[in-house]
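Accompanying notes for the structure given below.
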Amino acid sequence: MLIKALSDYYDLLAAEGKIIPDGYSNVNIHYLVVLNEEGKIEKIINWQINKPIKMKDKVKDKWVPRIEEMPQRTEKPGIDSNIIEHRPLYIFGLNWDDGKLTPDDRTGKAKKSHEAFVKSNLEFLEGIDSPVVNAYRNFITRWEPEKEIENSNLLKLEKSYGKSGYVFCLKGYPDLLLHNDSKVKQKWEMYCQEKTFKNKNGYFTQCAVSGEKAEIARIHNKIKGVFGGLATGAVLIGYNNPSENSYGNEQSYNSNISESIMKKYTEALNYLLADSKHKILLDDMTIVFWAMDSGETCEDTLWAMLCGKSDKMDAKETEAMLKKMMKSSREGKVTEKWLQSLDMIEPDVDFYILGLKPNSSRLSVKFIFRKRYADILWNIAKFQKDMQISDKLYPVSLFSIKEELKSPKILSDKINPALLTKLFESIIYGNEYPIALFETAIRRVKTDRDIPISNIRAGIMKAYINRKQKEEELGVALDKENCNSAYVCGRLFAVLEKLQRDAAGIKLNRTIKDAYFASASAKPAIVFPKLIKLAQNHLNKVKSPSYYNILMGEIMDKLNGEFPETLLLQDQGRFIVGYYHQYQSFFEKREKEVNNGMEEK
């Protein structure tokens with residue numbers, strides 16, 4: 001399904017002219033080398049673009065490399081030169097080592113690389129006559145790395161020398177780059193045709209994707225842009241071990257994927273990974289998504305709904321759109337017609353979401369989801385509705401959930417990728433949320449006793465329980481009619497803590513929440529009698545003991561004078577939600593009193 005979907009997406013991109021033609025590669029270029037007619041370097045110009053980049057809440061100007069379409073880059077391991085090279089080690093034959101340029105290294109790689117560059121490029125340029133090519137040819141034949149270690153143009157680049165890409169032009173013609181010269185392009189296209197013809201002696205059989213009889217790809221192109229992967233890329237499909245071979249086939253002949261399909265799916269996936277609008281990073285997993293149409297409205301809307309970000313809307317517009325969707329979802333107004341009204345979205349288009357992680361030899365596919373776009377929007381709307389824990393609507397992003405599942409005290413704390421995968425699947429397909437999500441959130445609440453319970457952690461409890469029970473058991477605000485013993489115990493604990501704080505009149509270093517919350521949520525019958533006895537002392541110190549007496553009485557009446565012995569895991573979640581609802585109600589009451597006082601004035 002994945003290879004076929006990417007191949008079809010390539011056809012869409014090709015029809016729109018968004019994908020580079022066969023035989024070419026997009027290359028990041030940092031510097032322009034200006035040559036004179038004799039082939040000497042006149043100067044090296046910064047070829048990067050100063051671009052405003054969004055970083056959190058700020059916009060900063062940052063130098064980013066230009067992307068140039070150059071003859072296809074090699075992906076072979078070891079020393080292998082490109083035609084019209086861009087890598088400094090091959091072009092100049094020099095290493096940057098401890099603030100100096102040197103042609104020497106332990107394995108002699110610089111010398112071998114430069115020799116390979118000289119040989120392959122001189123052979124390719126033979127017979128081409130144009131000013132920029134002649135200057136480039138002179139540069140290749142006259143450049144001696146041993147004599148250029150003090151080259152001022154290269155020394156000015158300092159550490160960026162070895163990490164950058166380079167292109168060439170002739171002095172006075174900065175707009176006519178070497179790789180864009182018409183004669184170079186013509187020779188390159190002839191070179192590609194000859195190479196294709198020579199390779200026609202390959203292995204021919206039926207392609208597993210297209211069904212056509214075609215030449216099967218022996219080695220697949222590398223995929224770049226996956227977080228944690230090699231800078232040179234990694235293959236998605238590869239057979240390196242003899243134990244993986246079948247019926248005498250070697251390497252990727254085992255996959256029965258044709259050369260044309262291989263080039264399509266690798267080009268399409270590299271295009272998606274190179275575009276920030278089509279991918280997000282969740283912990284150490286790269287998530288790629290695309291719709292089977294040529295526009296980007298679907299991707300932008302999904303990005304906004306899952307991550308709270310949008311390229312077409314600012315932060316306020318994005319939040320307003322999400323709040324409108326959540327309100328409509330809560331009121332049952334999210335229908336097919338309603339979805340169609342969102343920025344001319346076509347809800348029937350197929351939408352794909354792919355999770356990738358690198359390993360030692362290739363890319364690992366953690367998940368791939370395919371669903372109708374309208375269904376995905378509807379399920380995400382339900383997820384946002386599930387996560388709401390108060391009457392005020394706040395969009396919840398995947399990033400915020402991930403951060404709430406980690407310990408704020410351990411900077412290196414990470415979430416199990418399997419949990420994130422299951423969470424993503426439950427959101428997209430509308431399934432039950434994973435039990436590991438619920439367990440992790442409860443563990444974090446109990447462990448981080450000195451940190452107030454966040455709306456996201458409480459929202460996880462509510463969302464899990466409601467979807468598990470297949471009913472709206474827990475609401476978005478305090479439910480005084482809820483008689484569930486666990487929920488009621490949570491409410492009572494919040495009242496007792498508020499009583500303690502009011503009685504002290506100052507900020508306490510340690511409250512009953514710090515000392516008893518974990519045990520009270522698991523063994524109420526053991527802990528609550530102690531807390532109620534302690535509360536009698538606190539009642540003598542507050543200004544309005546009758547308020548607390550009445551409130552505690554109303555809550556305890558729902559328990560029929562008996563605390564539960566043990567609360568199982570789901571009931572512990574109800575306890576936490578009850579506590580959160582009750583404690584938040586105190587702040588809402590104070591907020592209403594302040595607002596009423598301002599209106600009277």
*the stretch 18-119: which trypsin sites (Lys or Arg not before Pro) are DSSP loop and have at most 11 other beta-carbon atoms within 10 angstrom?*
K56, R106
_Under 13 Å between alpha carbons: how many lysine pairs meet that in the stretch 386-459, if sequence neighbours fewer than 8 apart on the same chain are excluded?_
4
*So which GluC sites (Glu not before Pro) in the stretch 20-56 are both in a DSSP loop and have at most 15 other Cβ atoms within 10 Å of their Cβ?*
E37, E38
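For the stretch 459-601, what class follows from the C-alpha gyration tensor (a ≥ b ≥ c being the square roots of its eigenvalues): rounded when a/c is under 1.5, otherwise prolate if a/b is larger than b/c, else oblate?
On the way: a/c = 1.85, a/b = 1.20, b/c = 1.54.
Oblate shape, in that a/c is at least 1.5 and b/c is the bigger or equal ratio.
Need the full-extension length gain, L155 to K100, defined as separation in residues times 0.36 nm minus the C-alpha distance. One decimal, nm.
Working: separation 55, 0.36 × 55 = 19.80 nm, distance 0.76 nm.
Full-extension gain reported as 19.0 nm.
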_Cα→Cβ-extended label distance, 7 Å offset, between K371 and K171, nm_ = 6.4
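Just in the stretch 370-432: which trypsin sites (Lys or Arg not before Pro) are loop by DSSP and have at most 14 other Cβ atoms within 10 Å? Mind dumping the intermediate values first?
Details: sites: R370, K371, R372, K382, K385, K392, K402, K406, K409, K414, K422; in loops: K392, K406, K409, K414.
Filter output for the stretch 370-432: K392, K409, K414.
Using a ≥ b ≥ c from the Cα gyration tensor of the stretch 98-150 (square roots of the eigenvalues), is it rounded, prolate or oblate, where a/c under 1.5 gives rounded and otherwise the larger of a/b and b/c decides, a/b for prolate? Mind showing how you got there, number by number?
Details: a/c = 3.96, a/b = 1.89, b/c = 2.10.
Since a/c reaches 1.5 but b/c is at least a/b, the shape of the stretch 98-150 is classed as oblate.
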*Just how far, in whole angstrom, is the stretch 68-135 from the stretch 496-519 if you go by their alpha carbon centroids?*
70
*How high is the relative contact order of the stretch 351-425, given as a whole-number percent (alpha carbon pairs under 8 Å, six or more residues apart)?*
20
_Residues A418 and E554, FRET efficiency given R0 of 41 Å [Cβ-Cβ distance, rounded to 0.05]_ = 0.40
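Values in this text are rule-based calculations from the coordinates and carry no lab data. All values reported here derive from a predicted model rather than from experimental measurement. Note: ideal-geometry Cβ built from the backbone for every residue, glycine included; neighbour counts use all protein chains shown.
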